[in-house]
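The values are calculated or read from the model by the stated rules, or taken from the named source; none is laboratory data. Predicted model only: the values in this text are computed from it and were never measured. Heads up, the Cβs are rebuilt from the backbone with ideal geometry, glycines too, and the neighbour counts pull from every protein chain shown. The accessibility values were calculated without ligands, DNA or RNA, using every heavy atom of the protein model including side chains. Shrake-Rupley method; radii C 1.70, N 1.55, O 1.52, S 1.80 Å.
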Amino acid sequence: MKRTFTLLAFVFAVAAAAQTRNLEIYWIDVEGGASTLFVSPTGESLLFDTGFPGNGDRDTTRIHAAAQKAGLRQIDHVVISHWHADHFGGVPDLSTRLPIRNFVDHGPPLIETSENAVAGYKAYTTVRDKGHYVPFKPGDKIPIKGLDVQVVTSDGAAITSPLPGGGAPNPLCREFKPIVENAAAVEDGRSTGIVVRFGRFRAIELGDLTWTKEYALVCPNNLLGRFDLYFTDRHGIAAGSPTFVHALKPRVAIFDNGARKGASKDAFLTLKSSPGLEDIWQLHYGVPRPAREAFGETTDQGGKDLNAPEEFIANLVEEHTPTDAAHDLEISAREDGSFSLTNQRTGYNKEYRPHQ
C-alpha cells in the first residue's frame with residue numbers, strides 16, 4: 001500500500017510539474033529575416049516565419065537547432081506572415097528536417113511576380129498543400145493547448161473588436177503622421193499578425209506590418225491593450241509609429257534586425273521614449289550606415305548611440321558565414337506575467353517581474 005501511495009504521489013508530482021511549465025520563445029537569428037519559435041507549456045509549437053532560403057541552408061539549420069533544443073520532433077503550426085523571401089523562404093528545406101502539421105498564411109494572390117518570387121511561392125505552396133492548411137482571418141484563434149493565440153491582422157484587414165484589456169480611446173491618434181511607403185509595403189501590409197497570451201503574459205508579433213496598417217489596430221481606440229513583449233514590426237524599418245508603440249506600452253521590445261538592416265534611428269528613438277519601456281534587445285548590433293531614401297531615412301543609422309547595450313545584443317559581428325556560430329535570444333514566460341530573457345552569446349539573463 002505504501003509503495004502504491006508513493007507511486008501515485010510521484011505521478012501527481014510529475015503532472016503538477018508539467019502543468020507549471022513556462023512558455024518558451026526562441027528569437028532565432030536569421031540575419032535580418034524573421035523566425036520566432038513558440039513552445040507552449042504543453043509542448044505544442046508554433047513557428048512564426050522561417051527566414052531566408054538558400055545560403056547553404058543557413059537559416060533552416062538554425063531553426064532546426066532551436067527546435068532540437070526545445071525537444072521538438074515536429075512543428076505543430078507554421079505561421080507565414082507574408083510573401084517575402086526573408087519570411088517564408090525556409091519552409092521547403094525545413095520540411096525535410098521536421099514534419100510540419102499545420103500551415104497558416106494570408107492566402108493569395110501573389111502580388112510581386114518576379115521570377116524569384118514566383119519560384120519561391122511555388123516551392124512553399126508545394127509543401128503547404130501536402131499538409132493541413134487553413135487561411136485564417138483577423139479574430140480567428142490558432143488552437144494551441146495552454147496558450148491563447150489570436151490572429152489580429154491578415155491580408156490587409158485587422159480586428160474590429162477589442163482584445164481583453166483593449167478598447168480604450170487612444171489620445172495619441174491626433175498626433176499620427178502618415179508617411180510615404182515604398183512598393184514593398186503593399187505585401188508587407190498584408191502580414192498575418194498574432195497576439196500570444198499565457199496567463200497574464202502578453203506578446204505581439206506582426207511580421208512586416210507597416211506604419212499605415214498599424215493605425216487601424218490602435219485608432220481611434222487601442223484594440224490591443226498593453227504588452228509585456230513587443231517584437232518590432234518590419235524589422236524596425238518605416239514601422240512602429242509613436243501612435244502605435246506608445247499605445248502598446250511594451251515593457252520589453254526586440255528588434256529582428258541584421259547588422260545593416262532594421263533597428264532604424266526613428267524606430268529606436270520611438271521605443272526609447274515609450275512609456276513604461278524597460279529594455280530594448282536586438283539580434284544584431286547595427287553598424288553605422290548612411291541613410292537610405294527608399295526606406296524614408298533622412299539621417300545616418302546605427303552606431304553606438306542607436307544600439308542597446310552589448311549585453312542586450314545577441315550578435316556583434318557584422319556578418320556570419322553559413323558555418324559560423326550565430327546566437328539567439330531566448331524568452332521564458334510565466335503565467336503571472338513575469339518572464340526572463342537570455343542572450344545566448346554570453347549567457348546574460350535578465351528577469352522581469354509581473355507588471356502592476
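A few comments on the model shown:
- Taking only Cα atoms of the stretch 210-320, radius of gyration then Dmax in Å: 13.5, 43
- For the chain, the solvent-accessible area with a 1.4 angstrom probe is 44 square angstrom per residue.
- Out of every Cα-Cα pair that the chain contains, those further apart than 37 angstrom amount to 14 percent.
- Of all accessible heavy-atom area on the stretch 194-350, the percent that carbon and sulfur account for (1.4 Å): 52 percent
- The magnitude of the dipole of the stretch 221-356, with charges of +1 and -1 set on the Cβ of Lys/Arg and Asp/Glu and taken from the Cα centre, is near 320 debye.
- Environment charge of GLU330, counting only residues whose C-beta is closer than 10 Å and scoring Lys/Arg +1, Asp/Glu -1: -1
- Exposure check, 1.4 Å probe, all protein chains in place: LYS177 carries approximately 150 Å² of accessible surface.
- Spatial offset of the stretch 231-299 relative to the stretch 100-160 amounts to 25 Å, using the alpha carbon center of each.
- The charge dipole of the chain, taken about the Cα centre with unit charges on the Cβ atoms of Lys, Arg (+1) and Asp, Glu (-1), comes to about 1300 debye, rounded to the nearest 20.
- 3J(HN,Hα) along the stretch 191-205: 3, 7, x, 10, 10, 10, 10, 9, x, 8, 7, 9, 10, 10, 9 Hz, from the Karplus curve 6.51 cos²θ - 1.76 cosθ + 1.60 with θ = phi - 60°, whole Hz, x for Gly and Pro.
- Cα gyration tensor category, rounded, prolate or oblate, for the stretch 155-237 with a/c compared to 1.5: oblate
- Rounded to the nearest 0.05, the FRET efficiency derived from the C-beta distance between ALA119 and ASN182 at R0 = 30 Å is 0.85.
- The stretch 178-306 - percent relative contact order, Cα under 8 Å, separation 6 or more: 19 percent
- Only one residue of VAL134, ALA238, SER114 has its Cα farthest out toward the positive end of the dipole of the chain, where Lys and Arg carry +1 and Asp and Glu -1 on Cβ, and that residue is VAL134.
- A convex hull fitted around the alpha carbon atoms of the stretch 235-276 yields 59 Å³ per residue.
- For the chain, the mean residue ellipticity at 222 nm estimated from helices alone is -6000 deg cm²/dmol, where every DSSP H run of n ≥ 4 contributes -39500 (n - 2.57) and the total is divided by all residues, rounded to the nearest 500.
- Among ALA117, ALA183, ALA253, the residue with the largest mean-square fluctuation in a Gaussian network model of the chain, with springs joining Cα atoms closer than 10 Å, is ALA183.
- Added length on full extension, which subtracts the Cα-Cα distance from 0.36 nm per residue, LYS350 to THR299: 15.1 nm
- Across ASP328, ASP105, ASP57, mean-square fluctuation computed from a Gaussian network of the chain (C-alpha pairs under 10 Å connected) peaks at ASP57.
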